[in-house]
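Single-structure report; data block below.
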Amino acid sequence: MDNFLWWRDGVIYQIYPRSFADGNGDGLGDLIGIISRLDYLNDLGIDAIWLSPFYPSPDKDFGYDVSNYTDVDPRFGTLADFDRLVAEAHQRGIRIVLDLVLNHTSDQHSWFLESRSSQDNPKREWYIWRDHPNNWQAFFGGSAWEYDPVSRQYYLHLFTKQQPDVNWRNPDVRKEMLEVFRFWMERGVDGFRLDVFNAYFKDSDLHNNPPRFGLRAFDRQRHIHDIDQPEMMPFLNDLRILLDSYPERYAVGETYLATPQKTILYCGAGKLHASFSFDFTPYNLIYPWYSAWLKAHIIRREETFKASGIWPTTVMSNHDLPRAASRYSRGENDAQAKLAMTLLLTLRGTPFLYYGEEIGMRDIPLRRSEILDPPGKKYWPIYKGRDGCRSPMQWNSSAYAGFSNTQPWLPVHPNYIRRNVVSQQADPKSLFNFTKNILTLRKETPALCRGEFVPLKTPTGTLAYLRQLEEQTVLVAMNFSKRFVSFALPDGHWRDIISTSEGAPGRLAPHEIQLLILG
Ligand code: TEU
């Protein structure tokens, strides 16, 4: 494809390293495991890998509590393994995106150990210490303040109490953080996913958040002082200057409490390349799945992003959410998972594919005693936490699904005997082959990557749109209903490129998906 820009036209595949492939037989995935599966990823047709954290971590939030930003946790490998991973990925044309968790560190990070040692320690100002808490709430429940009996003050933590928030107002902190980016770019890293970046800066006077209606204490306040402060913008500019001093580097932000409007504010010249708007997975964990809601949301997102010129991202699943195949399907039928995959890979925006999504992995069922995730432990059974979507990758039907030769850190889904990479590779109608076919098509069809989005008027229960460039038009049609539905094709000769059923162009069988090309 001409003018291919990897982070705009490509597909980014998220790997949760502890669950992808266990190369050293300890039940935990690792970097050498990932290296051993690069040919698989290359064959699938992805363009970049986003690695969830593999840095040293006490695992109070499974890697999102980092105790050293510039090293590899020995359980995942070494810096030498990392260098090999980068080299081997690059040999195959696959970019590497790292997950940087810079809003907070682990409470075992040397910075925090120093900071908490006494009120006059030089690193005291690297975190946010106060004599009295305000009304801010931690996302995972409870006050965002924890009393430290040794140094006799409270410190701020927007997530677990083992994740103290860093004081981004301190210039030494900002300088040190930019060095973290530089460290990894010098090792060849192509991009970064920034964990809850819009929470870095807090109101300087720590004003209380005003109240509003909501279920949990967290939801009963308007989050106007604990996140989204204007001081973020000059930092983003500094970051962008640094990124642009290397060729084709990229940063995507994880927008905390995202809306499309908020998301675009942080992107563009002198800011991030992209930021998640989580259009299908709002943080209230409600996931409507019918064509009218989807259409309204897609149009809202399109209008916001198009007017701003910011490139959107599409996310159906990640390590914080129930998997799309679990949210929308009953049992093992993949009709809904194929609809979700079609949206992910054909809307305007960079698709983020979560490991196992290509074979329709389902969340594992867990008993209370098996829950590891802190919010799951706290809110069970109302909310069971995020372990369900983090289970070992299902490679084949051998013991432990070919993920490991020993008992993995989380159980393998019992459906692995039938639902795995090897069995789906052999089945032309599988979700794996459906996904691979669209990924192959994207590579030779610029309209599917860069084309304008034009919604079509189609009957209830269906969704259809064009992806249009001057020289090429693709039509995507999806039937969310259980009935046959016909719709009027726009003028011209439409050729079928991918379809999941026996319908003819313009006539959709139940749950059918059609991709047609003009001419
Ligand atoms: O997530 C931030 C965030 O907003 C999530 O808490 C999400 O809304 C929630 O899990 C409900 O789905 C990031 C990371 O992705 C997450 O894994 C970390 O636990 C969190 O930051 C703290 O680092």
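The values are calculated or read from the model by the stated rules, or taken from the named source; none is laboratory data. Note that the structure is a prediction, hence the values are computed from the model and not measured. Cβ sites come from the backbone with ideal geometry, for glycine too, and all protein chains shown count toward neighbours. What goes into the accessible areas is simple: the full protein's heavy atoms, side chains included, and nothing from ligands, DNA or RNA. Shrake-Rupley method; radii C 1.70, N 1.55, O 1.52, S 1.80 Å.
Is it fair to say residue 66 is buried (at least 22 other Cβ atoms within 10 Å of the Cβ), within 13 Å of the ligand (Cβ to nearest atom), closer than 25 Å to residue 6 by Cβ and at pLDDT 95 or above?
For residue 66, the condition - buried (at least 22 other Cβ atoms within 10 Å of the Cβ), within 13 Å of the ligand (Cβ to nearest atom), closer than 25 Å to residue 6 by Cβ and at pLDDT 95 or above - is not met.
If a residue has to be open to solvent by 20 Å² or more (accessible area, probe 1.4 Å) and among the polar types (S, T, N, Q) to count, how many in segment 233-264 make the cut?
Of the residues in that region, 4 qualify.
In segment 265-286, how many are open to solvent by 60 Å² or more (accessible area, probe 1.4 Å) and within 16 Å of the ligand (Cβ to nearest atom)?
Matching residues across segment 265-286 total 4.
Is segment 226-236 home to any residue that is in contact (Cβ under 8 Å) with a residue 40 or more places away in the chain and part of a strand (DSSP E or B)?
Among the residues of segment 226-236, not one is in contact (Cβ under 8 Å) with a residue 40 or more places away in the chain and part of a strand (DSSP E or B), which makes the answer no.
Any residue in segment 287-310 that is buried (at least 17 other Cβ atoms within 10 Å of the Cβ), away from the ligand (no atom under 14 Å from the Cβ) and outside any helix (DSSP H, G or I)?
Taking every residue of segment 287-310 in turn, at least one turns out to be buried (at least 17 other Cβ atoms within 10 Å of the Cβ), away from the ligand (no atom under 14 Å from the Cβ) and outside any helix (DSSP H, G or I).
Identify the residue in segment 477-497 that is buried (at least 17 other Cβ atoms within 10 Å of the Cβ) and in contact with a strand residue (DSSP E or B) (Cβ under 6 Å, 6 or more places away or on another chain) and, among all such residues, is farthest from residue 467 (Cα to Cα).
So the residue we want is 485.
Would you say residue 73 is away from the ligand (no atom under 13 Å from the Cβ) and in a loop (DSSP other than H, G, I, E, B)?
When the stated conditions are applied, residue 73 passes them.
Those residues that are of a type in the set (S, T, N, Q) and open to solvent by 70 Å² or more (accessible area, probe 1.4 Å), I need them from segment 187-232; list them, please.
Selection gives 208 alone.
Is there a residue being over 21 Å from the mean Cα position of the chain (by Cα), surrounded by 23 or more Cβ atoms within 10 Å (Cβ to Cβ) and not small (Gly, Ala, Ser) anywhere in segment 89-110?
Within segment 89-110, one or more residues are over 21 Å from the mean Cα position of the chain (by Cα), surrounded by 23 or more Cβ atoms within 10 Å (Cβ to Cβ) and not small (Gly, Ala, Ser).
Show the residue pairs that are 6+ apart or on different chains and have beta-carbon atoms under 9 Å apart, the first residue being within segment 50-71 and closer than 19 Å to residue 158 by Cα and without any contact (Cβ under 8 Å) to a residue 24 or more places away in the chain, the second being near the ligand (Cβ under 9 Å from one of its atoms) and not polar (S, T, N, Q).
Short answer, once both residue conditions are applied: 59/65.
Of the residues that make up segment 77-89, is at least one in contact (Cβ under 8 Å) with a residue 40 or more places away in the chain and within 16 Å of the ligand (Cβ to nearest atom)?
no
Keeping to segment 311-325, report how many residues are closer than 20 Å to residue 9 by Cα, hydrophobic (A, V, I, L, M, F, W, C) and within 16 Å of the ligand (Cβ to nearest atom).
Count: 2.
Looking at segment 82-110, which of its residues are in a strand (DSSP E or B) and farther than 30 Å from residue 162 by Cβ?
95
Within segment 363-383, is even one residue assigned to a helix (DSSP H, G or I), within 26 Å of residue 191 (Cα to Cα) and in contact with a Gly (Cβ under 8 Å, 6 or more places away or on another chain)?
No, because not a single residue in segment 363-383 is assigned to a helix (DSSP H, G or I), within 26 Å of residue 191 (Cα to Cα) and in contact with a Gly (Cβ under 8 Å, 6 or more places away or on another chain).
Which helices (runs of 4 or more DSSP H) does segment 414-485 wholly contain that include 1 or more residues that are charged (D, E, K, R) and more than 13 Å from residue 515 (Cβ to Cβ)?
It comes to 431-444, 446-450.
Of all the residues that make up segment 1-40, how many are buried (at least 22 other Cβ atoms within 10 Å of the Cβ), aliphatic (A, V, I, L, M) and either part of a helix (DSSP H, G or I) or free of Cβ contacts under 8 Å to residues at least 60 places away in the same chain (or both)?
Summing the residues that are buried (at least 22 other Cβ atoms within 10 Å of the Cβ), aliphatic (A, V, I, L, M) and either part of a helix (DSSP H, G or I) or free of Cβ contacts under 8 Å to residues at least 60 places away in the same chain (or both) in segment 1-40 gives 2.
Applying the selection to segment 138-186, what residues are in contact with a Lys or Arg (Cβ under 6 Å, 6 or more places away or on another chain) and either touching a residue at least 60 places away in the same chain (Cβ under 8 Å) or open to solvent by 50 Å² or more (accessible area, probe 1.4 Å) (or both)?
141, 146, 154, 160, 162
Being modelled with pLDDT of 95 or more, assigned to a strand (DSSP E or B) and under 23 Å from residue 266 (Cα atoms) is true for just one of 169, 193. Which residue is that?
That would be 193, the only listed residue that is modelled with pLDDT of 95 or more, assigned to a strand (DSSP E or B) and under 23 Å from residue 266 (Cα atoms).
Could you list all residues from segment 306-318 that are more than 19 Å from residue 419 (Cβ to Cβ) and in contact with a helix residue (DSSP H, G or I) (Cβ under 6 Å, 6 or more places away or on another chain)?
Those that are more than 19 Å from residue 419 (Cβ to Cβ) and in contact with a helix residue (DSSP H, G or I) (Cβ under 6 Å, 6 or more places away or on another chain): 308, 310, 311, 312, 314.
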